[in-house]
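In what follows, a single structure is set out as structure tokens and then discussed.
The values are calculated or read from the model by the stated rules, or taken from the named source; none is laboratory data. Small disclaimer: the values here were computed from a predicted structure and weren't measured. Reconstructed Cβ throughout: ideal geometry from the backbone, glycine too, with neighbour counts over all protein chains shown. When the accessible area is computed, the model is the full protein with side chains, heavy atoms only, and any ligands, DNA or RNA have been set aside. Shrake-Rupley method; radii C 1.70, N 1.55, O 1.52, S 1.80 Å.
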Amino acid sequence: MVRAFFKFLVFLVGATVVIGVIVGLGGGLYVYFKLTRDLPRIERIGDYQPKSVTSIYSSEGVLIGEVYDERRYPVEFKDIPEVVRHAFLAAEDANFYEHPGIDIISIARALLVNLRHQAHRQGASTITQQVVKSLLLSREKTYERKAKEAILSYRLEQALTKDEIFSIYLNEVFLGSTAYGVKAAAQVLFHKDLSDISLAEAAYLAALPQRPSYLSRPENRKEALERQQYVLRQMLRHRFITSYEHAQAIEEKIQLYAPDNQRIFDAPYFVSHVVKLLEEQLGRKLLNPGGFNVYTTADLPAHRVAERVVREGLREVDRRRGWRGPLAKIDPGEVGDLLDSQIAGNGGSIEEGQIYRAIVASVGAQEIDVQVGDHKGKINLKDASWANRLRTDDDRVTSISLNRYLKPGHVIEVLLKKPDPEGGKTSAVSAREFEISQTPDIEGAFVVANALTGEVKVIVGGYDFSRSQFNRATQALRQPGSAFKPVIYLAAVSRLNYTPATLVPDSPISLMGGNGQIWSPSNYDRKFLGPITLRTALQRSRNVVSVYLLRKVGVDAVIETARSLGITTPIPREMSISLGTAEVSLIELVRAYGAFASGGWLADQLIIKSIKDRHENVIFEKRPAQKRVIDENDAFLMANMMKGVVERGTAQVVKSLGKPVAGKTGTTNEQMDAWFIGYTPEWVGGVWVGFDVKRTIGRLETGGKAAAPIFLHFMEDFLADELPLDFDIPSGVIPIPIHLSSGRLASQNSEDAFIEYFKSGTEPRSSGEDIEIPRDYLSGEEF
């Protein structure tokens, strides 16, 4: 009986164990399948394409801008220095190359430490687990997620090599200060390439993953350095470094730089336009993850000249408008604070061409004593006579006397008057010569392109990108005024066979509009010259002649001509477009003029030459392309007439360039916009000057006065080494001597003989051409 009971008991225990094992296995399998049924696929990491920086380069190969969501520069594992690898292993996972993705010993050790201190003092995530956590799972802290993390870590270890996993980690890890990955961190924190960092710097990087946002802040640098020393001790403990190397690293003083979020390094308006084009070309989806190399047409030396001449030109226009008065008046006790801020703002030195705030120290009859930071200087009142015209807040000008108006304590803006003999910078010396200045409130834009290839070399969209990122060269639509007239003249030359010597009426005109209103356009000078040649009308920018030509050729024909020149903005079917009321962007008007310069070929606008992906595969490439849009004879006639605008017309200021240049000025009603578009046989450049919110620039501020000088000063530098090549004369054009005023034939010996060019068969008769004035020209006919 006892024996039977004992056998039954053994059976019962065995059965219970078997059932328990089965139930345990079943439960375990159930939990496992429940955990793994919706796990991310490991293959996603095998195709790891981290978010990274898209780099933008100038035509010289200089980095000028970056685009990124996460500032990361992926680097291959073989290019990561051993000292960096060892530092991160010591800090994060010294047994990385031994465990299968989960370090049981580290987990046990961390558990004991946390229990002993009754707090979470130590973690136990391996590098593999951190990769899984970063790329495959959320960061929620639950037991279920930790279990999934362990399973995925084991699977990842089976799918990838240790080096591949470690490489992903070192490229993915966030290290604060906008830096993702070790290469970005080396550049941001140390301004060094990853290959150049020291042991101490590598340990500093490895110290950051624990709390990157906190430890990377300048105010927490002491704690970051304490953590760095812990990393160095761990490296010594695990024999990654020797005692000597440890001692040397402890003593090393690390040069750390403040976080810099700058993404544009040069030619800011050009770069901002490239970013816009990239978004259109690639879309935000491809820009993130990014990793592209973008090669552009930007010419950096030309940009620096352009930015300088635009600023100088706008300052000159601003001076003519009058002085806006002191910025502020401060009490003597506040002077020190302002002087200190000036020193910090200019690095202790002053440079030619830069505007600085200055404090008026004393005012005399002939000069003013001022101080900029720790630089004392003087302003000669004779050089500041322009500032005796004070422009008030309501845009009125009153006369003042500076030596009576200015008081000690006034804060004004000044420029260094004379360049320093050492190269434009000066240290604190006894006295410098300054001139009174002010930051313009007027804006401007400038574009330069190669007329033959369409390559845009310069885009300056405003006075100062840091003040306003709005790109007036590409984004602003403004009325071009008379700068639109060449489109109308081209239509007359190509469709009506008008010649430069054709007589046209510069006479009063009144037209009835569809709204029943009488429209009586006038010329800028309110005068009428009577019958004049087409050349003279363009040179002197006669408004009523443009109205006459528009009526002759037709509004639709002019719109078609504008479209053929690449102008895409809306153009209303109204007679007022004869005066340039249809708004355009500067960059498209520059492209249109390029067709005149290149003998009738309109070049595709070229800004982005090529784009390569992170594997150096070319995914986009654009080569120069052109199409003929103007007959070469008509293009030459237009260029030759627009040379007259520079030589004898409204843009004579450009004549001092001493090279063949054609172009056209533009000024809108109330002098709200000033334009000049000029070109040589190869280069075309356009300038716009005005206010963002439309208001008058000044009563006499025309395109020839406000805009053309900027073009001139740029081209003086840009074309300094180029030969003065003239426009090619087509075989279908013949030279004929005429009288410039009447357009009639003249002998070559006549004192006023002028060699004019005509398409063969359109040359004038010996008796001269009679002007045709339609009967309805002055009748007020409805249009």
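Overview of results
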| quantity | calculated |
| --- | --- |
| Count of segment 607-625 residues which are touching a Pro at 6+ places or on another chain (Cβ under 9 Å) and open to solvent by less than 60 Å² (accessible area, probe 1.4 Å) | 0 |
| Segment 51-64, subset of a type outside the set (Val, Ile, Thr) and closer than 18 Å to Ser177 by Cα, residue least open to solvent (accessible area, probe 1.4 Å) | Ser52 |
| Looking only at segment 193-204, and only at residues there that are assigned to a loop (DSSP other than H, G, I, E, B) and crowded, with 16+ Cβ neighbours inside 10 Å, the one that is farthest from the chain's Cα centre (by Cα) | Ser198 |
| Residues (within 18 Å of Phe596 (Cα to Cα) and part of a loop (DSSP other than H, G, I, E, B)) located in segment 471-494 | Pro480 |
| Pairs, first polar (S, T, N, Q) in segment 582-600, second open to solvent by less than 20 Å² (accessible area, probe 1.4 Å) and part of a loop (DSSP other than H, G, I, E, B), C-beta under 8 Å, six or more apart | Ser585/Ala473; Ser585/Ala476; Ser585/Thr569; Ser598/Ala451 |
| Whichever residue in segment 267-290 is assigned to a loop (DSSP other than H, G, I, E, B) and out of contact with any helix residue (DSSP H, G or I) (no Cβ under 6 Å at 6 or more places or on another chain) and, among such residues, is farthest from Ala91 (Cα to Cα) | Leu282 |
| Residues (open to solvent by 70 Å² or more (accessible area, probe 1.4 Å), closer than 14 Å to Phe758 by Cβ, part of a loop (DSSP other than H, G, I, E, B) and in contact with a strand residue (DSSP E or B) (Cβ under 9 Å, 6 or more places away or on another chain)) located in segment 718-742 | Ile729 |
| Residue tally, condition crowded, with 23+ Cβ neighbours inside 10 Å and under 15 Å from Arg478 (Cβ atoms), over segment 558-576 | 0 |
| Residue list for segment 629-655, restricted to those being open to solvent by less than 10 Å² (accessible area, probe 1.4 Å) and closer than 9 Å to Gln539 by Cα | Met641, Met642, Gly644, Val645, Val646, Ala651 |
| Filter result for the condition that a residue is within 27 Å of the chain's Cα centre (by Cα), over 30 Å from Met715 (Cβ atoms) and at pLDDT 95 or above, over Asn293, Asn346, Asn288 | Asn293 |
| Pairs with Cβ under 6 Å, 6+ apart, first in segment 502-518 and surrounded by fewer than 14 Cβ atoms within 10 Å (Cβ to Cβ), second among the β-branched types (Val, Ile, Thr) | Ser510/Ile518 |
| Unmet requirement for Lys622, which otherwise passes all of (1) within 19 Å of Lys485 (Cα to Cα); (2) in contact with a Leu (Cβ under 7 Å, 6 or more places away or on another chain) | (1) |
| Residue in segment 417-444 that is farthest from Ala361 (Cα to Cα), counting only those that are outside any loop (DSSP other than H, G, I, E, B) and modelled with pLDDT under 90 | Lys425 |
| Selection from segment 529-544 of residues that are more than 15 Å from Met642 (Cβ to Cβ) and open to solvent by less than 10 Å² (accessible area, probe 1.4 Å) | Val544 |
| Members of segment 579-606 that are of a type in the set (A, V, I, L, M) and crowded, with 21+ Cβ neighbours inside 10 Å | Leu579, Ala582, Val584, Leu586, Ile587, Leu589, Val590, Ala592, Ala595, Ala597, Leu602, Ala603 |
| Subset tally (residues that are assigned to a loop (DSSP other than H, G, I, E, B), farther than 16 Å from Leu602 by Cβ and open to solvent by less than 30 Å² (accessible area, probe 1.4 Å)) for segment 445-466 | 3 |
